[in-house]
Each structure stands twice: as structure tokens, then as C-alpha cells.
Amino acid sequence: MRRALFAISGLAASTTALVVLKAAPDTSTVAQQVPAPATSGAGESTTAAEPTAEPAEATATASPRPRTSRSAEPGRKTASPSAGRAGPSSDATKKPPAARPSTAAPQPAVRRVVGPVVSNEFGNVQVAISLDGARIVDAEALELPERTAQSDQRSSQVDDRYSGTAGLVVQRQSADLDTVSGATATSESYQRSLQAAIDRAR
Amino acid sequence: MSAASSIRPGLRRVEHVMGTPVSLDIADDRPATELATLADEVFAWLREVDARFSTYQPDSEVCRFDRGELLLSEASADLRRVMERCADLWDATDGFFDAYATGGLDPSGYVKGWAVQVASDRLRAAGADNHCLNAGGDVRVRGHSSTGLPWRIGVRHPWNPSAVCLVLSGTDLAVATSGVYERGHHVRDPRRGTPARGLRSVTVVGHDLGLADAYATAAVAMGVAGIGWLDRLPGYQHAVVTDDARCLHSTNLPLTD
């Protein structure tokens, strides 16, 4: 009986310790990489979301981007530590209901954690995740590379199958030109153009 | 040759038509009055096309057709041919050449090249076998220049307006260039509705300037995928400059030094 009591109190103590220990690193491990906007209130997180209105356009135009394995990987990296932690901590909170309000009550309903800027060969990737407790309720890309993995794959595919000649574009100050082909010139840009010089020389 | 080079035969004239400078060079050694008449006819035709196919003039044939006031069966043979070609181009470019991309009918992506092509065809029919007509960068050459050599056509360097990146040479060429450097990212990807990116300049070389111009515009709209599309395009050669300053071109492009 004494042994059983000891075992129960021991279990309760360890689970409480688990909750206390896990709940804190949950925010700090992800947030420590970005010191400034880390654990902000619900009000602040909405202002932080505002700048995303601009990149959102880019995200919308290239909806398949995050799906490509390479560009999505950094995002998954930042999200996975907290996702993995979500399992044990929620398990632990279920058992001792008394322990939960003491740790969870001061926390806002949904936290927004901004991940670090991760550079890869295609450019920078930054992901923000929204957490309800330990559960990820939303993830968004704040920054995605101009040149995505997909477009690069496509261009390398093109290069592999391409039958023409490829190299860097060169500048030539060629004399003896009769005319110049170029993108539609306006009257103003024509004045500065090589074609105008050719026309004047005659 | 050295004495004659100062007094070259032929005629050169520049006029602003269709919102763009048009340069005509007729190299045939013919009486000045004949050459002047030929040039007058070329510019009169281009002005006529501008009036009939303009999307800015509400009483133009294109606008009346777009509003439904004119049936296709009542339209001129020219408009019917243009509409047919635009439909073919929509098909051939997998929808990337779209005369309805802006909402209403705007076939100008084909019309300018086509108008220059028709003008060149008429010059040849009138016996002016050696000429070069350039409408805002879309070029049709035939025969030889007044130096007696094939025409030399520079392709504008996409970052430097006073330099070229390639020089082409030929006696029967249509050369059309479409790019984003002149008016910003104005070519739109008709599928995403966003400005096209990836290709800074696309030049298409062949025999029909209307098609070459439309193909070049469609390839810009396709972005990087346009390179592979151009590579498989029968009868037309290409030169592409990407946003990251690579130049890719057909091996059989008529390049010269």
C-alpha cells in the first residue's frame, strides 16, 4: 500500500515535471532562433501577419511551390520539433487535469511563432506557424525563393533535352548593322535606341 | 565600289505608325519617284491597318466586331483571316497566345507582324526585291542591302539599349523579338493572370513575321518552359535570353560575325 502510494505520487510528480519542462521549451526552442517577434500576444500576432499581405500574392501565384520537397523541407524542419513534442505533452496534460490550468491559463489561445530564415540553393525560406496550445493550427510561408526548386528543375530538364546552344549573353557593339530587332519600342525609347542611330546615320 | 558607296541607291524613311517608329529601307536601284510611291504605299497600308485593327478607336472594325455590331461573315477578308490566325495561334501555343487575354478582343500581338509581312509581300510583288522593314523591332528583310550583301540584323541586348547580343544575316527573314525590358513585365501569363517571368527576351526567326511575333510573345508568357516549346517549334528558329542572363539559341540560327 505504501509502495503503491509512492508509485502513484511518483508518477504524478514526473508527469507534472514533464508538463512544466516541456511546455516551456516548446516555445523557447522554436522561438530562440528569432529573438524579437517570438512569443507575442494575440494582438501582436495580427500586426505581424500584416506584412504577409504582400508576399501572399506571390504565394498565391505559385501555389505548387510549398509542395515541392526541397523548398518545403526547411519549413518542415522548423515545424517538426514542436509537432513531435505535441504528442507527449498533450498525453501528459490529460492525466493530471489539475496541472493544466496552472501552465496553460496565462498563455493566449493561439500563438504565432516565426521561424528562422533558412537559406538554401534556391533562396531564402521563412515559415510562421500558429499554435493552439501545442497543436499547429496554421502554417504560412513568409518568404519563398524567386527561383523555386520546381522552376529550377524544369529549367534543368529543359537544358538536358535542349537541342540548341547555351551560354551567357554577350554585349556586342557591332558596326555595319542594317537594322535592330527588339521588344516593341515606344517613341521615347526609340530616341535612345540603336535603331534610331542607324536611321539617323543614313 | 568605293566611289559608289557615298551615293547608295534606294530609299530610307522613318515614320511613326501603330504607336511605334517604322523604318523602311528599300535598296533597289530604281528612280526616286518610284521608290517614293512604294514607300507611300507601305505607310498608307500600315496606317489603314492601324485604323481598322486599333483597339483604341471605338469605330475601328475590331472594336465593332468585338461589340457584336459586325458579324464575322460581314467582316473584311483581312479581319476574318486575322481571327482565323489568332485561333490557330491559340491552339499552337497551348493558349499562351490569347487575343482575348485582356478581356476584350485585342489581336495586336499578331496584327503588327502580319501587317509588316503583308507590306513586305506587296513590295516584292511590286518588284522591290531588296528591302528591310522594321516596325518597332519586328523586322522583315528580303534580298540584299545597298552594300550588295545580305541584310545584317542585330538582336538588341536586353540590358543595354545601345548594344546587340547577336547578329543575324539573311536574304529572306522575318525576325520578331518580344521582351519585358521595354515596357516592364507587360506580357501576362494568361493562365495565372500574373506578369510573365523567367525570360527577358525572346527572338523568333522564320518566314512569316505575324507568326514569329506571336510565337515570341507566347514564349515570353510561358516563362522558362517556353524554351523547350520553342525548341520543338517546326520551321522557326529562336534566341532566348533568360532573366539570369543566359542566352540559348537554335543551332541553325542564321548567325554572323
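The values are calculated or read from the model by the stated rules, or taken from the named source; none is laboratory data. Source: prediction; values computed, not measured. With ideal geometry, Cβ positions are generated from the backbone for all residues, glycine too; neighbour counts draw on all protein chains shown.
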Residue match in the range B:175-182 (condition: more than 7 Å from chain A (Cβ to nearest Cβ) and without any contact (Cβ under 8 Å) to a residue 12 or more places away in the chain): no
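Residues are listed down the side, and each one gets a yes or a no for (1) over 20 Å from the mean Cα position of the chain (by Cα); (2) surrounded by 15 or more Cβ atoms within 10 Å (Cβ to Cβ); (3) farther than 19 Å from B:Ala214 by Cβ:
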site: B:Ala51; (1), (2), (3): no, no, yes
site: B:Arg64; (1), (2), (3): yes, yes, yes
site: B:Arg67; (1), (2), (3): yes, no, yes
site: B:Leu72; (1), (2), (3): yes, no, yes
site: B:Met83; (1), (2), (3): no, yes, no
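Looking at this structure, is B:Leu11 within 14 Å of chain A (Cβ to nearest Cβ), surrounded by 13 or more Cβ atoms within 10 Å (Cβ to Cβ) and either closer than 22 Å to B:Gly137 by Cβ or without any contact (Cβ under 8 Å) to a residue 40 or more places away in the chain (or both)? Give the derivation first.
Details: within 14 Å of chain A (Cβ to nearest Cβ): yes; surrounded by 13 or more Cβ atoms within 10 Å (Cβ to Cβ): yes; either closer than 22 Å to B:Gly137 by Cβ or without any contact (Cβ under 8 Å) to a residue 40 or more places away in the chain (or both): yes.
Against the criterion (within 14 Å of chain A (Cβ to nearest Cβ), surrounded by 13 or more Cβ atoms within 10 Å (Cβ to Cβ) and either closer than 22 Å to B:Gly137 by Cβ or without any contact (Cβ under 8 Å) to a residue 40 or more places away in the chain (or both)), B:Leu11 qualifies.
Quick check on my filter: what residues within the range B:107-143 are surrounded by fewer than 18 Cβ atoms within 10 Å (Cβ to Cβ), in contact (Cβ under 8 Å) with a residue 12 or more places away in the chain and not hydrophobic (A, V, I, L, M, F, W, C)?
Going residue by residue through the range B:107-143, those that are surrounded by fewer than 18 Cβ atoms within 10 Å (Cβ to Cβ) are B:121-122, B:124-127, B:129.
Still in the running and in contact (Cβ under 8 Å) with a residue 12 or more places away in the chain: B:122, B:124, B:126-127, B:129.
Those that are surrounded by fewer than 18 Cβ atoms within 10 Å (Cβ to Cβ), in contact (Cβ under 8 Å) with a residue 12 or more places away in the chain and not hydrophobic (A, V, I, L, M, F, W, C): B:Arg122, B:Arg124, B:Gly127, B:Asp129.
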Hits in the range B:165-212 (condition: among the hydroxyl-bearing types (Ser, Thr, Tyr), farther than 20 Å from A:Arg172 by Cβ and buried (at least 19 other Cβ atoms within 10 Å of the Cβ)): B:Ser178
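A quick yes/no check of all residues on (1) over 21 Å from B:Thr102 (Cα atoms); (2) at pLDDT 95 or above:
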{"position": "B:Val118", "(1), (2)": "yes, yes"}
{"position": "B:His131", "(1), (2)": "yes, yes"}
{"position": "B:Asp138", "(1), (2)": "yes, yes"}
{"position": "B:Pro150", "(1), (2)": "yes, yes"}
{"position": "B:Gly184", "(1), (2)": "no, no"}
{"position": "B:Val187", "(1), (2)": "no, no"}
{"position": "B:Asp213", "(1), (2)": "no, yes"}
{"position": "B:Val220", "(1), (2)": "no, no"}
Any hit, the range A:106-129, residues being of a type in the set (Ser, Thr, Tyr), on the phi < 0 side of the Ramachandran plot and either at pLDDT 80 or above or surrounded by 14 or more Cβ atoms within 10 Å (Cβ to Cβ) (or both): no
Number of the exception - B:Asp25 against (1) within 14 Å of chain A (Cβ to nearest Cβ); (2) part of a helix (DSSP H, G or I): (2)
Residue pairs meeting the criteria (Cβ under 7 Å; at least 6 apart or on separate chains; first under 24 Å from B:Leu149 (Cβ atoms), in the range B:27-44; second in a helix (DSSP H, G or I)): B:Leu38/B:Leu123; B:Val42/B:Ala119; B:Val42/B:Leu123
Number of the condition not met by B:Ser162 [criteria: (1) surrounded by fewer than 24 Cβ atoms within 10 Å (Cβ to Cβ); (2) under 18 Å from the mean Cα position of the chain (by Cα); (3) of a type in the set (Ser, Thr, Tyr); (4) facing chain A (nearest Cβ under 9 Å)]: (2)
Test: residue in the range B:184-201 that is more than 8 Å from every other protein chain (Cβ to nearest Cβ), free of Cβ contacts under 8 Å to residues at least 40 places away in the same chain, farther than 25 Å from B:Asp88 by Cβ and in contact with an Asp or Glu (Cβ under 8 Å, 6 or more places away or on another chain): yes
Any hit, the range B:45-54, residues being at pLDDT 95 or above and of a type in the set (Ser, Thr, Tyr): no
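Would you please name the residue that is surrounded by the most Cβ atoms within 10 Å (Cβ to Cβ), looking only at residues in the range B:144-157 that are facing chain A (nearest Cβ under 7 Å) and assigned to a loop (DSSP other than H, G, I, E, B)? Even if it seems obvious, please write down each step before you answer.
First, pick out the residues of the range B:144-157 that are facing chain A (nearest Cβ under 7 Å): B:145, B:151-157.
Filter once more, keeping what is assigned to a loop (DSSP other than H, G, I, E, B): B:145, B:157.
Values: B:Ser145: 21, B:His157: 24.
So, considering only residues that are facing chain A (nearest Cβ under 7 Å) and assigned to a loop (DSSP other than H, G, I, E, B), the one surrounded by the most Cβ atoms within 10 Å (Cβ to Cβ) is B:His157.
Can we say B:Leu230 is facing chain A (nearest Cβ under 9 Å) and closer than 27 Å to B:Pro150 by Cα?
On the way: facing chain A (nearest Cβ under 9 Å): yes; closer than 27 Å to B:Pro150 by Cα: yes.
It is true that B:Leu230 is facing chain A (nearest Cβ under 9 Å) and closer than 27 Å to B:Pro150 by Cα.
Any idea how many residues of the range B:165-174 are at the interface with chain A (Cβ under 9 Å from one of its Cβ atoms) and touching a Gly at 6+ places or on another chain (Cβ under 6 Å)?
Initially, the range B:165-174 is screened for residues at the interface with chain A (Cβ under 9 Å from one of its Cβ atoms), giving B:165-168.
Retained after the next criterion (residues that are touching a Gly at 6+ places or on another chain (Cβ under 6 Å)): B:167.
Within the range B:165-174, residues that are at the interface with chain A (Cβ under 9 Å from one of its Cβ atoms) and touching a Gly at 6+ places or on another chain (Cβ under 6 Å) number 1.
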Qualifying residue in the range A:134-148 (condition: buried (at least 20 other Cβ atoms within 10 Å of the Cβ), more than 7 Å from chain B (Cβ to nearest Cβ) and at pLDDT 70 or above): yes
Tally, over the range B:202-224, of residues that are within 11 Å of chain A (Cβ to nearest Cβ) and part of a loop (DSSP other than H, G, I, E, B): 2
